[in-house]
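Below you'll find the structure, written out as structure tokens, and then a few comments.
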Amino acid sequence: MPDWKPEIRRRLAGVKLAPAGEAAIIEELAQYMDDCYAELRSSGATKTDAYQQTLAELDGSELMAHELRLAERQVTPEPIVLGTNRRTNMIADLWQDLH
């Protein structure tokens, strides 16, 4: 089975992601591509055709955008520490507390 991770990593190169988030996205997409490739091979596609169709699936789908949206949602704001003297936006702190 092809190693999809270098291709996925190359496509994510311009996106500023935390290393843990990037690793999770790469792992998820690589698993999806493994499944797609295996399904194509089991349906009779040649290795070359299955490889090309799997890459086309990554290009033509909203999969990468979906994974990036999930990663953005999982970013948690820094918690506010009570009793500190830091000067910040009180409205933003109140919003974070309410959230």
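The values are calculated or read from the model by the stated rules, or taken from the named source; none is laboratory data. Keep in mind that what you see is a predicted model, and the values were worked out from it rather than measured. Here the Cβ positions follow ideal geometry from the backbone for every residue, glycine too, while neighbour counts run over all protein chains shown. Just so you know, the surface numbers come from the protein's heavy atoms only, side chains and all, with ligands and any DNA or RNA stripped out. Shrake-Rupley method; radii C 1.70, N 1.55, O 1.52, S 1.80 Å.
Looking only at residues that are outside any helix (DSSP H, G or I) and among the polar types (S, T, N, Q) in the range 31-63, which one is modelled with the lowest pLDDT?
My answer is SER61.
Out of all the residues in the range 23-39, which are free of Cβ contacts under 8 Å to residues at least 24 places away in the same chain and more than 16 Å from ALA56 (Cβ to Cβ)? Before you say what the answer is, go through the steps one by one.
Step one: filter the range 23-39 for residues free of Cβ contacts under 8 Å to residues at least 24 places away in the same chain, giving 23, 26-27, 31, 35-36, 39.
ALA23, ILE26, GLU27, GLN31 - these are the residues of the range 23-39 that are free of Cβ contacts under 8 Å to residues at least 24 places away in the same chain and more than 16 Å from ALA56 (Cβ to Cβ).
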Here the qualifying pairs (Cβ atoms under 8 Å; residues six or more apart or on different chains; first in the range 40-61 and more than 21 Å from GLU27 (Cβ to Cβ); second outside any helix (DSSP H, G or I)) come out as GLN53/ALA45
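Hey, can you tell me all the residues within the range 1-22 that are in a loop (DSSP other than H, G, I, E, B), open to solvent by 80 Å² or more (accessible area, probe 1.4 Å) and either closer than 14 Å to ASP59 by Cα or modelled with pLDDT of 85 or more (or both)? Before the answer, list the steps.
Initial filter on the range 1-22 (in a loop (DSSP other than H, G, I, E, B)): 1-4, 12-18.
Add one more test, that the residue is open to solvent by 80 Å² or more (accessible area, probe 1.4 Å), and what stays is 1, 3, 16.
Result: MET1, ASP3.
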